[in-house]
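A.B. asks: I have a structure I would like to understand better, so I am pasting it below and will then ask my questions one at a time.
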Amino acid sequence: MALVSVNDLHKSFGDLEVLKGIDLDVEAGEVVAIIGRSGSGKSTFLRCLNQLERHDKGTIRIADQYLDGKAMSPGELSKNVGMVFQSFNLFPHKTVGENVMLAPVIVRQEDKAKTERVAREVLDKVGLLEKFDAYPAQLSGGQQQRVAIARALAMNPKVLLCDEVTSALDPELVGEVLRVLEALAREGMTLILVTHEMKFAQDVSNRVVFMHQGRIHEQGDPQTLFKDPKTAELRQFIASVL
Amino acid sequence: MELDFSTLVPYAGELVQGFVTTVVLTAISTLAGLGLASLVAYVRSGKASLLGRMLGGYVEVTRNTPFIVQLFFLFFGLSALGFKISALFAAFLAMTLNLGAYSAEILRAGIEATDRGQLEAARALGMSRLQSYRHVVLIPAFARIYPALTSQCIIVMLGSAVVSQISVFDLTYAANFIQSRNFRGFEVYLVVTLIYLLLAVGMRQAFGFVGRRAFAFRQGGNA
């Protein structure tokens, strides 16, 4: 059974229909890169998966949890899904360690000692254990984003959503974040990424999904998809970004 | 006219008592008022609700009526209704409610300036609205509006002079008391004016000291 299963997902903002029926299954351990022009609905789709946007129609199942677009408590929603954002969104008044430990302690009521152990583990994984007591303002963008990844991992998600996580970074800082994601992929973490890093999509993902005008227009394994696009839209898109 | 400050010496005790009352009253109503403001701003920055509208009414009434009338209303008005409260408690209540209303509005501006990404990150991590307000929104909001808040608290301290009108033995009451005994109005009010000035300057320093430590994260310093 797929870990994530999306059926006929629709979402409108006012009169503008952004998602016009998305179907997608993602297996555990799969790395799915979603590409497409801005406005194609890829970020909205990602945000529906943890209900930052509630969808209008269709169903989403993540592990054993069904999302039908009705209100759910954030605590419930965060059980299976973690998210990393374009703009990092670290809490500026908390140290790196506190950023990572906050949700496990107040949302899951886990004990402090265990949480700190986990926090050190995940920070070590992203190579920033020595920044445990630093404030976000003291870190580079790339470091902040790696802390944001660690913060999401501390909640032990089954799926990690990444929304253009390198778009706000200076070019020389992109690599360090992608390397962390690559390592996660190798460890078997299920990743769904909206990305503009075509090379990363090509090298690391198991599947690339091309979205166009609110639908999945074409998808497949990265080698075939990039070398031999079937549709004119994808051909144009690839030509414009490579 | 000759200035003669030695006439104040026998009344040093009253001055100290007045000073202590003003400082303590200001300190506890500042803490209580900011606590109240945090609650009011939380309710008012959420979805429209009956409670939110009632708190909106409280904020508007407080900000559009004189402080001395609020004080009289609490002290004389409530006791006429059968709620007997001491002058000191009425003063504390009036100052707390007054600061609560003004600083709730100031704080709301700080909350509204919160980046949407902060709220989304908190939500994605599973925090409820109250948890995200308490742990994510509130401290940076206070940091943003801290200078305005400092001024508001000083205004309340200076405004507390009117509690002498309901016979609270504060600094102004002490001045009136001494002046009515020794008839050295100029000396008394000169000294008391200077004490208020020093209090205001001292408060600003103290707020700055606390702010630099509490909000050290903003400078990216090693705190």
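The values are calculated or read from the model by the stated rules, or taken from the named source; none is laboratory data. This is a predicted model, so every value here is computed, not measured. For neighbour counting, all protein chains shown are included, and Cβ atoms are generated from backbone atoms with ideal geometry for every residue, glycine included. Remember, those area values only see protein heavy atoms, side chains included, never the ligands or the DNA or RNA. Shrake-Rupley method; radii C 1.70, N 1.55, O 1.52, S 1.80 Å.
A.B. asks: Tell me which of these A:Glu130 doesn't satisfy, since it passes every other one: (1) open to solvent by less than 20 Å² (accessible area, probe 1.4 Å); (2) within 22 Å of A:Leu181 (Cβ to Cβ).
C.D. replies: (1)
A.B. asks: Still on this model: Taking the condition of being free of Cβ contacts under 8 Å to residues at least 24 places away in the same chain and within 19 Å of A:Val180 (Cβ to Cβ), how many residues in the range A:79-127 meet it?
C.D. replies: So the count comes out to 3.
A.B. asks: Quick one: in the range A:6-52, of everything that is hydrophobic (A, V, I, L, M, F, W, C) and free of Cβ contacts under 8 Å to residues at least 60 places away in the same chain, which residue is farthest from A:Lys70 (Cα to Cα)? Spell out the reasoning first.
C.D. replies: From the range A:6-52, those hydrophobic (A, V, I, L, M, F, W, C) are A:6, A:9, A:13, A:16, A:18-19, A:22, A:24, A:26, A:28, A:31-35, A:45-46, A:48-49, A:52; that's our starting set.
Of the ones still in play, those that are also free of Cβ contacts under 8 Å to residues at least 60 places away in the same chain are A:6, A:9, A:13, A:16, A:48, A:52.
Details: A:Val6: 16, A:Leu9: 14, A:Phe13: 16, A:Leu16: 20, A:Cys48: 12, A:Leu52: 12 Å.
That would be A:Leu16.
A.B. asks: Could you check A:Val107 against (1) more than 14 Å from chain B (Cβ to nearest Cβ); (2) in contact with a helix residue (DSSP H, G or I) (Cβ under 8 Å, 6 or more places away or on another chain); (3) surrounded by fewer than 22 Cβ atoms within 10 Å (Cβ to Cβ) and say which number it fails?
C.D. replies: Condition not satisfied by A:Val107: (1).
A.B. asks: Kindly list the number of the only condition in (1) assigned to a helix (DSSP H, G or I); (2) surrounded by 19 or more Cβ atoms within 10 Å (Cβ to Cβ); (3) within 9 Å of chain A (Cβ to nearest Cβ) that fails for B:Arg134.
C.D. replies: The one condition B:Arg134 does not meet is (2).
A.B. asks: Tally the residues that are open to solvent by 20 Å² or more (accessible area, probe 1.4 Å) and in contact (Cβ under 8 Å) with a residue 12 or more places away in the chain, restricting the search to the range B:164-189.
C.D. replies: 12
A.B. asks: Given A:Val147, A:Val174, A:Val208, which one is over 20 Å from A:Leu49 (Cα atoms) and modelled with pLDDT of 95 or more? Before the answer, list the steps.
C.D. replies: Details: A:Val174 fails: modelled with pLDDT of 95 or more; A:Val208 fails: over 20 Å from A:Leu49 (Cα atoms).
Within the list A:Val147, A:Val174, A:Val208, the selection yields A:Val147.
Table: residues versus (1) within 12 Å of chain A (Cβ to nearest Cβ); (2) under 22 Å from the mean Cα position of the chain (by Cα).
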residue: B:Thr114; (1), (2): yes, no
residue: B:Ala174; (1), (2): no, yes
residue: B:Val188; (1), (2): no, no
residue: B:Val210; (1), (2): no, yes
residue: B:Phe215; (1), (2): yes, yes
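A.B. asks: Oh, and also: Would a scan of the range B:117-128 turn up a residue that is at negative phi, away from chain A (no Cβ under 14 Å) and open to solvent by 50 Å² or more (accessible area, probe 1.4 Å)?
C.D. replies: No, the range B:117-128 contains no residue that is at negative phi, away from chain A (no Cβ under 14 Å) and open to solvent by 50 Å² or more (accessible area, probe 1.4 Å).
A.B. asks: On to the next question. Restricting to helices (runs of 4 or more DSSP H) lying wholly in the range B:1-102: which have 3 or more residues that are farther than 19 Å from B:Thr172 by Cβ?
C.D. replies: Answer list for the range B:1-102: B:12-44, B:50-63.
A.B. asks: On to the next question. If we only count helices (runs of 4 or more DSSP H) wholly inside the range A:107-214, which ones have 2 or more residues that are at negative phi and within 15 Å of the chain's Cα centre (by Cα)?
C.D. replies: Output list reads A:141-153, A:171-186, A:198-204.
A.B. asks: Moving on to the next point. Can you pull out the residues in the range A:197-236 that are within 29 Å of A:Ser12 (Cα to Cα) and β-branched (Val, Ile, Thr)?
C.D. replies: Within the range A:197-236, A:Val208, A:Val209, A:Ile216, A:Thr231 qualify.
A.B. asks: Let me spell it out: the conditions are (1) farther than 19 Å from A:Leu46 by Cα; (2) in contact with a strand residue (DSSP E or B) (Cβ under 6 Å, 6 or more places away or on another chain); (3) of a type in the set (Gly, Ala, Ser), and A:Ala239 meets all of them except one. Which number is the exception?
C.D. replies: Answer for A:Ala239: the failing condition is (2).
A.B. asks: If you take the residues in the range B:143-156 that are more than 9 Å from chain A (Cβ to nearest Cβ) and open to solvent by less than 30 Å² (accessible area, probe 1.4 Å), which one is nearest to B:Ala216 (Cα to Cα)?
C.D. replies: B:Ile145
A.B. asks: Within the range B:77-91, count every residue that is open to solvent by 70 Å² or more (accessible area, probe 1.4 Å) and in contact (Cβ under 8 Å) with a residue 12 or more places away in the chain.
C.D. replies: Going through the range B:77-91 one residue at a time, the tally reaches 1.
A.B. asks: Residues that are open to solvent by less than 10 Å² (accessible area, probe 1.4 Å): which strands (runs of 3 or more DSSP E) entirely in the range A:1-84 hold 2 or more of them? I'd like the intermediate steps shown before the answer.
C.D. replies: On the way: elements: A:4-13, A:16-26, A:31-35, A:57-62, A:65-67, A:81-84.
In the range A:1-84, the matching strands (runs of 3 or more DSSP E) lie at A:4-13, A:16-26, A:31-35, A:57-62, A:81-84.
A.B. asks: Would you be able to say whether some residue in the range A:84-94 is closer than 21 Å to B:Phe217 by Cβ, facing chain B (nearest Cβ under 10 Å) and of a type in the set (Lys, Arg)?
C.D. replies: Yes: the range A:84-94 contains one or more residues that are closer than 21 Å to B:Phe217 by Cβ, facing chain B (nearest Cβ under 10 Å) and of a type in the set (Lys, Arg).
A.B. asks: Within the range B:92-110, which residues are open to solvent by less than 50 Å² (accessible area, probe 1.4 Å), more than 14 Å from every other protein chain (Cβ to nearest Cβ) and under 29 Å from A:Pro74 (Cα atoms)?
C.D. replies: B:Ala104, B:Glu105, B:Ile106, B:Leu107
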